[in-house]
Amino acid sequence: MLLDANAVEDGTVVEADVCVIGAGAAGITLALTLARAGVDVCVLESGGLQPDPATQALHAPENRLPGYPLQASRVHALGGSTFHWGGLCRPLDPDDFLQHAWVELSGWPISRADLDPWYVRALPILDIPRAWTLAETDRDLATHPRLMGSVNASFQPILWLESPPTRFAPKYRGDLETADRIRCLLHATVTEVVPNADGTIVERVEARTPGGRRLRCRARRYVLAGGGLGNAQLLLSSDSVVRGGLGNGHDLVGRCFMDHPNQFVGSMVAVAPAAGPSYQEEYMFARRTEGGLRGIWRGFFGFSTTPDVRAQHRLLACAVNLHPAGEPAVGDTAAIEELLAAGRPGRPARRFWLSVLAEQSPNPESRILLGEERDAFGRRKAVADLRLRPADVRSVEKSVRLFALETARLGHARVRIFDVERPSWHLLAGHHSGTTRMADDPRAGVTDRDGRVHGIANLWVAGSSLFPTGGFVNPTLTIVALTLRLANRLGTASTA
Ligand SMILES: Cc1cc2nc3c(=O)[nH]c(=O)nc-3n(C[C@H](O)[C@H](O)[C@H](O)COP(=O)(O)OP(=O)(O)OC[C@H]3O[C@@H](n4cnc5c(N)ncnc54)[C@H](O)[C@@H]3O)c2cc1C
């Protein structure tokens with residue numbers, strides 16, 4: 001059932017088994033999965049059916065990083081930011097879950113194998129037909145050799161998957177409306193999660209509507225699914241009983257706020273392989289746009305640094321993506337001549353733009369905190385203080401240089417790197433993560449390996465705020481996989 005909280009009586013108390021706060025990809029996935037398992041769910045969503053300026057303003061944080069396009073990056077309405085996401089998907093790599101000696105605070109409490117079954121179930125929710133492996137996509141390797149990825153290579157080919165992109169509001173609205181076990185209240189902004197006197201059990205949540213209604217939800221279990229900023233803000237501002245906010249006994253809530261550096265870094269010109277007309281990656285990409293490989297990303301193909309190379313150079317994860325740009329430009333002539341002079345068969349030559357998606361290291365000084373300004377409901381507004389470390393930038397620079405060297409070593413392409421030290425490193429992807437990080441030790445993370453807030457028996461978190469590190473990968477497939485895993489835990493517990 002989908003309801004407008006503005007229309008309920010002032011002072012209404014909704015009772016449920018599970019209360020979900022936020023109806024984006026995480027909240028909707030959780031609510032529908034729990035309802036199918038026979039659990040009564042109340043969803044409280046701040047926005048309405050469409051984004052509106054007042055609700056956007058309610059959640060707009062103060063932004064301390066000049067040029068970081070934070071304001072426009074979140075949508076507060078049914079479906080959350082799937083209103084405008086791009087649909088680029090990929091699971092995190094097994095290496096992303098490991099602890100790396102050169103990355104402080106790295107290491108997840110779970111492994112990729114723990115998430116594998118949930119990644120498989122997450123695919124249809126995002127309308128991704130299947131997860132291809134490289135071996136399955138290989139076609140005619142004799143005439144279409146790999147551009148990169150040969151023995152001892154520092155980069156490996158990666159497959160990006162494509163969601164259409166799934167917009168959760170139109171796609172799942174009908175299911176929410178007809179589910180008997182769901183009451184989804186729109187225009188209900190949760191202003192506080194209120195625990196018992198010693199802060200160990202949540203007793204209720206308080207919500208307000210733009211029309212002046214106050215309501216409350218009492219449930220056995222509560223899940224924050226308010227996005228990477230919203231989850232931290234709500235924990236911090238839930239401080240009427242516990243000073244400093246919930247789950248914040250070790251001053252970790254909001255810290256390690258991460259995004260993904262994401263920008264164009266150069267161009268590349270390549271000549272044809274000796275054996276045939278084009279490289280495997282281009283061939284596959286062309287077949288993809290013809291419809292031959294449904295579920296492979298439409299915009300570009302990519303390569304990532306190998307785990308060995310990351311360890312050798314103490315690098316964070318990084319993918320270099322190649323965007324086919326057609327005919328070479330005039331400025332590419334010298335590079336082409338050089339390649340031809342080196343004995344490459346050559347024509348036709350083609351050009352690519354290079355972009356990166358890269359990892360930001362977890363940094364306690366990079367954080368979401370509460371400012372002094374109050375929103376329309378009297379909550380202290382969030383302040384986003386995202387800080388890239390010099391080492392984060394150096395890691396991307398080094399990765400791009402290694403990519404250029406690798407292409408030079410292979411001899412069939414030349415890379416021209418833009419000036420990577422310009423301030424546009426602050427172009428980030430809008431993937432807010434890390435602010436309620438998972439860790440087995442409460443001194444190292446806000447939540448445990450299931451996403452339960454340490455020290456609080458019935459409060460969980462869903463979304464990318466759980467990620468201890470983010471790899472180079474866009475987060476939504478992992479958000480949905482983790483949420484399905486949580487739904488399984490909560491659903492099983494309720495029917496046991
Ligand atoms: C421009 C852009 C492009 C992107 N493209 C991609 C992509 O190609 N691939 C990818 O994987 N990811 C992409 N992302 C990221 C993706 O959009 C997010 O990872 C995903 O939408 C997060 O889902 P969520 O449910 O965790 O949070 P959100 O989508 O942020 O949803 C949270 C919901 O909770 C509600 N809420 C918050 N606080 C409260 C409160 N106190 N009370 C009640 N409700 C509350 C909000 O109104 C919102 O509707 C992109 C992001 C941006 C900005």
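General observations
- Residues of region 195-226 that turn out to be over 24 Å from Ala487 (Cβ atoms), aliphatic (A, V, I, L, M) and more than 13 Å from the ligand (Cβ to nearest atom), as a count: 1
- Of the residues examined, Gly86 is one that is open to solvent by 30 Å² or more (accessible area, probe 1.4 Å), near the ligand (Cβ under 6 Å from one of its atoms) and not in a helix (DSSP H, G or I).
- For region 44-71, a residue qualifies if it is part of a helix (DSSP H, G or I), more than 10 Å from the ligand (Cβ to nearest atom) and of a type in the set (A, V, I, L, M), and the qualifying residues are Ala54, Ala57.
- Extreme residue, farthest from Ile479 (Cα to Cα), among residues of region 134-166 that are open to solvent by 20 Å² or more (accessible area, probe 1.4 Å) and within 16 Å of the ligand (Cβ to nearest atom): Pro164
- Among the residues making up region 466-481, a single one is assigned to a helix (DSSP H, G or I) and over 16 Å from Thr82 (Cβ atoms): Leu466.
- Any chance Val205 is surrounded by 21 or more Cβ atoms within 10 Å (Cβ to Cβ), among the β-branched types (Val, Ile, Thr) and assigned to a strand (DSSP E or B): yes
- Tally of residues being surrounded by fewer than 20 Cβ atoms within 10 Å (Cβ to Cβ) and either on the phi > 0 side of the Ramachandran plot or among the small types (Gly, Ala, Ser) (or both) across region 214-242: 1
- Among the candidates Arg173, Arg146, Arg139, Arg220, residue that is more than 27 Å from the chain's Cα centre (by Cα), outside any loop (DSSP other than H, G, I, E, B) and over 23 Å from Tyr119 (Cβ atoms): Arg220
- So Ala408, is it among the aliphatic types (A, V, I, L, M), at pLDDT 90 or above and either open to solvent by less than 10 Å² (accessible area, probe 1.4 Å) or not in a loop (DSSP other than H, G, I, E, B) (or both): no
- Residue within region 122-133 that is more than 16 Å from Ser304 (Cβ to Cβ), open to solvent by 50 Å² or more (accessible area, probe 1.4 Å), among the acidic types (Asp, Glu) and part of a helix (DSSP H, G or I) present: no
- Residue within region 122-135 that is aliphatic (A, V, I, L, M), in contact with a helix residue (DSSP H, G or I) (Cβ under 8 Å, 6 or more places away or on another chain) and over 21 Å from Phe300 (Cβ atoms) present: yes
- Here the condition is being open to solvent by 10 Å² or more (accessible area, probe 1.4 Å), assigned to a helix (DSSP H, G or I) and at pLDDT 85 or above; of Ala286, Ala311, it holds for Ala311 alone.
- Inspection of region 412-421 identifies no residue that is of a type in the set (Lys, Arg), in a strand (DSSP E or B), touching a helix residue (DSSP H, G or I) at 6+ places or on another chain (Cβ under 7 Å) and within 16 Å of the ligand (Cβ to nearest atom).
- Selection within region 13-43 - surrounded by fewer than 16 Cβ atoms within 10 Å (Cβ to Cβ) and either within 16 Å of the ligand (Cβ to nearest atom) or in a strand (DSSP E or B) (or both): Val13, Glu15
- Residue count for region 111-134, restricted to those that are in contact (Cβ under 8 Å) with a residue 24 or more places away in the chain, closer than 17 Å to Pro468 by Cα and more than 17 Å from the chain's Cα centre (by Cα): 1.
- Search result, residues across region 343-358 that are open to solvent by 70 Å² or more (accessible area, probe 1.4 Å) and at pLDDT below 90: Pro345, Arg347, Pro348
- Residue in region 290-298 that is within 11 Å of the ligand (Cβ to nearest atom), of a type in the set (Lys, Arg) and in contact with a strand residue (DSSP E or B) (Cβ under 8 Å, 6 or more places away or on another chain) present: no
- A single member of Arg449, Arg394, Arg443 is surrounded by fewer than 17 Cβ atoms within 10 Å (Cβ to Cβ), charged (D, E, K, R), under 21 Å from the mean Cα position of the chain (by Cα) and more than 30 Å from Ala272 (Cα to Cα), and it is Arg449.
- Of all the residues in region 355-386, those that are part of a loop (DSSP other than H, G, I, E, B), in contact with a Leu (Cβ under 7 Å, 6 or more places away or on another chain), more than 16 Å from Thr435 (Cα to Cα) and of a type in the set (D, E, K, R) number 1.
- Of all residues in region 91-109, those that are part of a loop (DSSP other than H, G, I, E, B) and either open to solvent by 30 Å² or more (accessible area, probe 1.4 Å) or near the ligand (Cβ under 8 Å from one of its atoms) (or both) total 7.
The values are calculated or read from the model by the stated rules, or taken from the named source; none is laboratory data. Here the structure is a predicted model, which means the values were calculated and not measured. Here the Cβ is made from the backbone with ideal geometry for all residues, glycine too, and neighbour counts use every protein chain on show. For accessibility, only protein heavy atoms count, side chains too; no ligands or nucleic acids. Shrake-Rupley method; radii C 1.70, N 1.55, O 1.52, S 1.80 Å.
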